[in-house]
Amino acid sequence: MIVGARLGYFIFYDWTTLIFNFSEVFITGSNGFFGFSFHGGLIGALLGIYIYCKLKKISFEGIGNLFIPALPLGFFWGRLGNFFNGELFGHPTDKPWGMFFPTDPKTLRHPSQLYEALGEGVIIFIVLWTIRKRDWAQGNFLSLFLILYGLIRFIIEFFRVSPPEHILLGFLTTGQVLCLAMIVGGVYIFKK
């Protein structure tokens, strides 16, 4: 997962460094490694779990049924970590729930990390946990997770600040494009 998250950052957000200065992938900043991608981490984790399941002759689908319903709780805590670190904050706002962040203490901003903690963590957890024992859900947790996460993150990205180089087509972020791919992939692997 960590290797996927690190490589995913460079593949999705900084591919020129990956191609022209590959050694930087392994260099740490003053605060440790910087530059991780959720989407890359997801791909790395799924690939690692799939390989492990094949080697141990364990059902990949069974592992998904077991772990995916609880997985969003990890996203909840991770996004709270983003909030407490003052990173991945939102666009300026005049809403009463706007907050000041250390890197821009004079501008009220959307607490997009809290939106993500609620959406990616709490809402997805409630949906998946509620349906976890239903027959039609068995074998579809990965599909449902991809669809729900992709949809919720796609919407929340409109509130989150992205560097100009990560804006595609003038209005979508790289993260939103990757979320659309997650939704399409989730629909594709859904078992009827």
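What are the principal axis extents of the Cα atoms in the chain, in Å, biggest first?
Cα spread of the chain along its principal axes, largest to smallest: 53, 44, 32 Å.
Using the crude model of +1 on Lys and Arg Cβ and -1 on Asp and Glu Cβ, and no other charge, please compute the dipole size for the chain relative to its Cα centre, in debye to 20. Walk me through the numbers before you get to the answer.
On the way: 15 positive and 11 negative charges, 157 e Å.
Using Cβ point charges on Lys, Arg, Asp and Glu, the chain gives about 760 debye.
Which residue, chosen from LEU47, LEU114, PHE190, occupies the Cα position most advanced towards the positive end of the dipole of the chain, where the dipole is computed from +1 (Lys, Arg) and -1 (Asp, Glu) charges on Cβ about the Cα centre?
PHE190
Taken together, the values in this text are just the output of simple stated rules run on the coordinates, not laboratory data. As the structure is a computational prediction, the values presented were derived from the model and not from experiment. Cβ: placed from backbone, ideal geometry, glycine included. Neighbour counts: every protein chain shown.
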